[in-house]
Amino acid sequence: MYKIIPHKKVIKFINKRTLKDKNRIKKKFLELTQNPYPLNHNIDAKKLQGKDGFRLRIGDYRFLYYIEDDELIIYMEDADNRGDIY
């Protein structure tokens, strides 16, 4: 199982959400720790074009993350509303 390490701006972004959104994000993060690659059909993730990393979609929110397979770590780099993150 992978471990998620969020950047402080991701934590700040999540803390500003409603309780309902926080629970939905927490559920998707838990599913992400099981298999962080886009082949996992339980999550809506895609490989970023021209960059190393992936995009996770949770409703109108987007999270950008990178995977360290050697250490089983997911670095959650950025989070924002759709259209504001790219």
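Quick notes
- Within the shell defined by Cβ-Cβ distances under 10 Å, the residues around GLY83 carry a net charge of -1, with Lys and Arg each +1 and Asp and Glu each -1.
- Orientation-averaged projection of the chain equals 5.4 nm² [convex hull of Cα atoms, one quarter of hull surface area].
- Surrounding net charge for ARG57, when Lys and Arg each add one and Asp and Glu each subtract one, Cβ distance under 10 Å: +3
- Rounded to 10°, Cα long-axis angle of helix 19-34 versus longest principal axis of the chain: 0
- Summed over qualifying helices (DSSP H, 4 residues or more, each -39500 (n - 2.57)) and divided by its residue number, the chain shows a 222 nm mean residue ellipticity of -8500 deg cm²/dmol.
- Counting charges near LYS9 (Lys, Arg +1; Asp, Glu -1) among other residues having Cβ under 12 Å from its Cβ returns a value of 0.
Here, each number is a calculation from the coordinates, and none is a lab measurement. Worth saying up front: this structure is predicted, and the values here are computed from it rather than measured. Note that each Cβ is placed from the backbone with ideal geometry, even for glycine, and that neighbours are counted across all protein chains shown.
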